Every structure is written in structure tokens, then in C-alpha cells.
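The values are calculated or read from the model by the stated rules, or taken from the named source; none is laboratory data. All values reported here derive from a predicted model rather than from experimental measurement. Using ideal geometry, Cβ is built from the backbone for each residue, glycine included, and neighbour counts are taken over all protein chains shown. We work out accessible area using only protein heavy atoms, side chains counted, and drop any ligands, DNA or RNA first. Shrake-Rupley method; radii C 1.70, N 1.55, O 1.52, S 1.80 Å.
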Amino acid sequence: MRDRRSWSKVTDLAPTSVELEAFVAAAGRVADHKSLRPWRIIEIRGSDRDILARALNKADGKKGYSSKPRRAPLILAVVADLSSKKIPAWEQEAVASGVAHMLSLALDEAGFGVFWRTDDKTRSKSLAKAHGLSKHEVLLGWLYVGGKPQRSRPIRRKTVDAAKHISRLPGGKKTRKAHDARL
């Protein structure tokens, strides 16, 4: 996790369908609300990317094909299934999002470059139709997957200043003790 980064450009190398199944099985270990598993992944490769390319342009009110799906040899659409009435929709989306992030970690660890893509048109009718979504499903976005290109200069990793992202409950203790911050 500490070494993972997004790769805005990737090579034509991608995991096979069999390899992808192993990565998805591992990523599916996120919180699942008693095996509800409110998510699925749609594998998009080769000429199938043209279906996505046309739907992206249609969602933007344009004709023709978007060039975005050609930026990676494998695109994984992340879909949340909101059909359960027992679990709030936001929790079902959070689980699907968790799978996507775990999947990106597994792919990165295996040597593949991954970047997340979404926009304000992700939930358009044209994209829902292109992905074959049911009335209880929503598209969260896509993982673009490919090989990690060689870099001519070293990668600078910016670490997160965790102290800026951690707060205490109002009215609770004001300071953290040294033993509270073990790694």
C-alpha cells in the first residue's frame, strides 16, 4: 500500500482473464455484509472498448468515439448492486468501492499499472445501457489497467501527513499518547 501510485500512462501488457479472476477473488475479501457482495466487475478488452468509447461520447452529447478507452488494454468497470433493502445504498456503494481499491492494490503488487477514472457522466443512461446494468445497479467508474512503463527519472513519492487527517471526537481526550500511535 505504501508504494502504490496511479499510472496515468500504461503499456499494452495486461493480466489474462484467468489472472484477473484471482485478483478479483482476493479483492472480494472486503467487508461484505454477511456475504451480500453488492458489486460486480465488467471486463472490457480489445474492440469492446469501442462500445465504451461511443457511450462516453454519447454521454457528453458528442458523436463518434472517445479516445479515453484506448489508453489501457484492460478496463474494469466497477458496478454497485443496490438491490438489498436491508443495507443502505451508500454502504453497498462503499463495499463496491472497497473492492475496486483492493483490486487496484492487488494489480499494482503484481506489477500492473492502474488508474481510476470517473466523471460526472458516469451514471448516464448511455453508459448504463452500454454496460448492461440492471435497474438496481449503478456504475461507480473504471480501473484502467496495463503494464507499468519504464521511467527515465525516479518516482517521487509524496507521503500523506496522517496527523492532518486524524481528529479526535469532540469532547474526548485532547491529545494522543505515544502508545496510541503504534505501527
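Tell me, what is the per residue accessible area of region 37-86 in Å², probe radius 1.4 Å?
On the way: 2720 Å² over 50 residues.
Normalised by residue count, the accessible surface of region 37-86 is 54 Å².
Round to a whole number: what % of the accessible area of region 75-119 belongs to carbon and sulfur, probe 1.4 Å?
60 percent
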Compute the separation of the alpha-carbon centres of region 35-57 and region 94-135 and state it in Å as a whole number. 8 Å
For region 34-75, just list the percent of Cα-Cα distances falling in each 5 Å bin from zero outward, please. 6, 25, 23, 16, 13, 8, 7, 4, 1
Among Ile75, Asn57, Leu107, which residue has its Cα positioned farthest towards the positive end of the charge dipole of region 56-129, with +1 placed on the Cβ of Lys and Arg, -1 on the Cβ of Asp and Glu, and the dipole taken about the Cα centre? Asn57
Highest-first arrangement of 76-84, 8-16, where packing means the average Cβ count within 10 Å: 76-84, 8-16
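Where the convex hull is taken over the Cα atoms of region 31-141, what is its projected area averaged over directions, in nm²? Write out the running numbers ahead of the final one.
Numbers: hull surface 28.8 nm².
With the hull built on Cα positions only, its mean projection is 7.2 nm².
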Nitroxide proxy distance, nm - points 7 Å out along Cα→Cβ at Ser83 and Lys158: 4.2 nm
In debye to the nearest 20, the charge dipole size for region 1-149, taken about the Cα centre with +1 at each Lys and Arg Cβ and -1 at each Asp and Glu Cβ, equals 560 debye
Taking a ≥ b ≥ c as the square roots of the Cα gyration tensor eigenvalues, with a/c under 1.5 meaning rounded and otherwise prolate when a/b beats b/c, else oblate, which class fits region 59-114? oblate
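Please give the peptides 64-75, 161-172 ranked by average Cβ packing (other Cβ atoms within 10 Å per residue), highest first, as a rough proxy for protection.
Highest to lowest by the protection proxy: 64-75, 161-172.
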